[in-house]
Amino acid sequence: MTPGRDTEGWQVTPLESFPPMEKWDDWVEYDAAAWPRKVEKHYMLVPTTCFNCEAACGLVAYVDKETRAIRKLEGNPFHPGSRGKNCAKGPATLNQIQDPGRILYPMKRVGPRGSGKFARASWDEALDVFAAAIRKAIVEGRKTEVMYHVGRPGHDGYMDRVLQSWGVDGHNSHTNVCSAAARLGYALWSGADRPSPDHENAKFMLLLSSHLETGHYFNPHAQRIIEGKMRGAKLAVVDVRLSNTASMADFWLAPWPGTEAFLLLAMAHVILEEKLYDRAFLETWGNWRETLEALAPGTPTSVDAFLEALRKHYARFTPDAAEAECGVAKETVVAVAREIGAAGSAFATHVWRNAASGNLGGWQVARALQFLCVLVGSVGAKGGTNLNTQDKFVPPPFLKPPAQGVWNELLYPREWPLSHHELSYLLPHFLLEGRGKLAAYFTRVYNPVWTNPDGMIWEQVLRDESKIELHAALTPTWSETAQYADWVLPMGLGAERHDLMSQETHAEKWIGFRQPVVRVMRERLGEKVEWTRDANPGEVWEEDEFWIALSWRIDPDGSLGIRKYYESPYRKSQRITVDEYYRWIFENTVPGLPEEAKKKGLSALEYMRRYGAFLVEKETWEGHAKKLSAADLQAASVDEASKTVTKAGKPIGIVADGAPRIGFTTPSRRLEFFSKTMVEWGWPEFALPEYIESHVHRKHLDRAKGEYALVPTFRLPTLIHTRSGNAKWLYELSNTNPVWIHPEDAERIGVETTDLVRISTRIGHFVNKAWVTEGVRPGIVACSHHLGRWRLFDDNGTDKWASCKVAREETAPGKFRFRRLEDIGPFESSDPDSKRVWWSDGGVHQNLTFPVQPDPVSGMHCWHQRVRVERAGADDRYGDVEVDTAKSMAIYREWVALARPAPGPGGLRRPLHFARAVRPAPEAYRTEPEQILNDFGRAVPGRNR
Ligand code: SF4
């Protein structure tokens, strides 16, 4: 194809246009507000990275050179992931920056916790208070009492370094309400815990969930899915809802929720029966020898025998059985399986939350999906499904602290040794059970009272000063959680802070630089800015500098060994600046960046400040086939039968195509059909990919009695979980979340669209409007979790664009009722638009009514709910929420009892080959001798150290 022309030779005009880079220091546009006069406005264009979801797309801020205010944010054409494009949430960063209700100064609580009484305070005071509490905990050896709990990280590795410099085991996350189940399913296959589909080059794409509009890497994936389709690829979508993505697909499969693993195993069955697999790939890269030995012990070793054993093992997953179990036509199952087989190595697929996060055993959904990739040889292939480890690049910082020698059981309790992240949403349950306390607790862009299940248990613990002694909410916005903090510390939005990010959006490695654009502009104009908060609105700061300043105060004289990590690598004994922190990384650890910068007459840091992103590596396929280096091979040996390369008794690679290669980061260095890890850690029945019946399986439901499965997990493309509360454009677009219900079910219940329904879970209920639609399976109701923000007070709690004022009442001990007092409406503020608010709804919150349901293997909260749906009663009001926390604690214990606790082999808390957030030293993995217990709580003879 000639550049600029399509395949038929027609001139192609790109829809997008961007100001040329050479004009970024002085870009001139006419002021639209001055029309018809032609009034020039001069802007400096500064790139940054969007912070409104995890995709980390590039943005370019137009900073008015006269007012020094950001005028607008558009796409950054130099960003390899987003390529100049954004979703609605990117440009809406401007609303968040200009929100008249935003927190501009540090706020200190001046009434009881939760009273809503705060007063302005100084950063100095906040730093002193937290430095003293943390120093005391460290000095007294209470290294599990300092905790940083993050909702949206927005950076790669910065906090790991901070926490390890303090020597604490204190990193908590939101991952077990998000992606932990999928991570386990993926990690068991290859050691890498997430997929990176190469949609652009695929021949067939299979998506679980609605990726085009709301997927994990929404905008970067959406554009590449469309490109794949334009090149002729077909698309199949598995979703109980007819999402926008499903409506554009070649195949829409809507299985019963929780049967997705069965559906995928039925596709594997077809591929095995019809020999659509890639035999050579399986022979080279699969752990077929161990799998054969497990499936058919004593059988003479051959690939044919393995394939036959595998075929027999999955014989029960016939298309007929799938139709009966999943409710998807057998012809569709066969057709999709054949498409996958025909695509072969160009089969790209992805699941992240969706079914994996909804169901008991959801981790098997990801495992079954990856099974398909392995069978057709698409793992790591062009157009296939790469490993995240091939497409993500995290450059190391200078002077890395050693791993902490302590293990925090509030983060990784021994009940879930295989969980793929912290059991974050159970923190209040653990604290209520007396498993520990916290001396200093930071929530960062995290709103567990609203986002997590069982929010009233969170509220109870956040109010309790004996369980959490000191709590700071590091946040750009007020939230349902921030109102219970002792300190509310305002942190910057995407254009007001530094972060370095890389995401596995496609088959390339890139880094994106988030920066405080007004500060950068002022520095470019020759001004000196000491702290980012001096250039941001009010005293809004950024975490990078906050942690440097705090660490410096924890250890002012260096006697704790902390200070040295915050001293400049360029100026001896001086406190490091953020410029120096990133300068060192860009100069020393990003391959090709200094050279590329030099070509343009820039330093590496200047390059990143100018372009905002850098492409580190192209065409990242086949990482597993990289050759082992000569150093790797020193003192290594090869087992000729298995072709495994071993060093010091440990496999380090395999011989493939006549050369020793890295392989995968599993114990066998191969893709593992059979997982010895699962056997050794107490789950032998799941040694291979299997189907686990969900807790919302339809056999548990009696539709005649109004029982349904509630799917509460789907996203709206225009909202973020909670931070979009101060983005007026986004709430103007999306401000209601009715319950999707099929016409058959609506008739049975006796409701029409807009009628109120009461949805009862095991611990309470909520009242919402019905939306009667054929776009959802009969027997299922679905409700987006993005709406239903509330506030208890007029002046803090949650932004008025998004929240309704509610009355919170404790109707009996442990029983709570929320009733709406006011709708959303026009309000007075410095923004004239606030008087023009026309929407009144705001939607209904549902997560408070969900008990915690930790999967016994992955630890993932199983979001789907068994519910009773009925027409609302005379006393019900739109937006009502009622919860009984005594019931929720009982259900928590029910689910905990399903787990099979550590220790595993060698008295370990967790397999050493599994990834762990902010990984401790190996010795911390060992349980103490007196604590090595079996599944029944008794000491295990001979397993003590
Ligand atoms: S997908 Fe949208 S919200 Fe997410 S980073 Fe990109 S522009 Fe921002």
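The values are calculated or read from the model by the stated rules, or taken from the named source; none is laboratory data. On a predicted model such as this, the values are computed, not experimentally measured, just so you know. All Cβ positions, even for glycine, are placed from backbone atoms using ideal geometry, and neighbour counts span all protein chains on display.
Summary table
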read-out	value
Qualifying position, being surrounded by 24 or more Cβ atoms within 10 Å (Cβ to Cβ) and over 29 Å from LEU550 (Cα atoms), among HIS429, HIS420	HIS420
Residue list for the stretch 198-226, filter: over 17 Å from the mean Cα position of the chain (by Cα), within 16 Å of the ligand (Cβ to nearest atom) and more than 30 Å from LEU710 (Cβ to Cβ)	HIS199, GLN223, ARG224, ILE226
Complete set of residues in the stretch 42-56 that are touching a strand residue (DSSP E or B) at 6+ places or on another chain (Cβ under 6 Å) and within 7 Å of the ligand (Cβ to nearest atom)	CYS50, ALA56
Residue in the stretch 885-892 that is under 25 Å from TRP740 (Cα atoms) and not hydroxyl-bearing (Ser, Thr, Tyr) present	no
Enumeration of residues in the stretch 195-209 that are surrounded by fewer than 24 Cβ atoms within 10 Å (Cβ to Cβ) and either modelled with pLDDT under 95 or within 17 Å of LEU375 (Cβ to Cβ) (or both)	LYS203
Residue match in the stretch 141-153 (condition: over 17 Å from the mean Cα position of the chain (by Cα) and under 22 Å from PRO476 (Cβ atoms))	yes
Identity of the residue in the stretch 911-945, assigned to a loop (DSSP other than H, G, I, E, B), in contact with a helix residue (DSSP H, G or I) (Cβ under 6 Å, 6 or more places away or on another chain) and under 18 Å from THR144 (Cα atoms), that ends up modelled with the lowest pLDDT	THR927
ARG68 on the phi > 0 side of the Ramachandran plot, of a type outside the set (A, V, I, L, M) and part of a loop (DSSP other than H, G, I, E, B)	yes
Entirely in the stretch 466-524, the strands (runs of 3 or more DSSP E) that have 3 or more residues that are away from the ligand (no atom under 16 Å from the Cβ) and under 20 Å from GLY538 (Cβ atoms)	471-475, 487-490
Residue list for the stretch 580-602, restricted to those being in a loop (DSSP other than H, G, I, E, B) and among the basic types (Lys, Arg)	LYS600
Every residue from the stretch 875-912 that is among the aliphatic types (A, V, I, L, M) and free of Cβ contacts under 8 Å to residues at least 40 places away in the same chain	ALA890, ALA897, LEU912
Where a residue in the stretch 658-683 is more than 15 Å from TYR186 (Cα to Cα) and its partner, wherever it lies, is among the basic types (Lys, Arg) and crowded, with 20+ Cβ neighbours inside 10 Å, with Cβ under 8 Å and at least six apart	ILE662/ARG669; GLY663/ARG669; GLY663/ARG670
Matching residues, the stretch 788-837, being in a strand (DSSP E or B) and among the polar types (S, T, N, Q)	SER803, THR811
Of all residues in the stretch 62-91 being closer than 17 Å to GLN515 by Cβ and among the β-branched types (Val, Ile, Thr), the one that is farthest from the ligand (Cβ to nearest atom)	VAL63
Residue ranges of helices (runs of 4 or more DSSP H) in the stretch 603-681 with at least 1 members β-branched (Val, Ile, Thr) and exposed (fewer than 15 other Cβ atoms within 10 Å of the Cβ)	676-680
Options LEU59, LEU94; residue that is within 14 Å of ARG514 (Cβ to Cβ), within 13 Å of the ligand (Cβ to nearest atom) and within 28 Å of the chain's Cα centre (by Cα)	LEU59
Conditions (1) out of contact with any helix residue (DSSP H, G or I) (no Cβ under 7 Å at 6 or more places or on another chain); (2) at pLDDT 90 or above: number failed by PRO14	(2)
Pairs, first acidic (Asp, Glu) in the stretch 801-822, second assigned to a strand (DSSP E or B), C-beta under 8 Å, six or more apart	GLU809/PHE816; GLU809/ARG817; GLU809/PHE818; GLU809/ARG819; GLU810/PHE816; GLU822/CYS804; GLU822/LYS805
2 or more residues at pLDDT below 95: qualifying helices (runs of 4 or more DSSP H) within the stretch 303-362	354-358
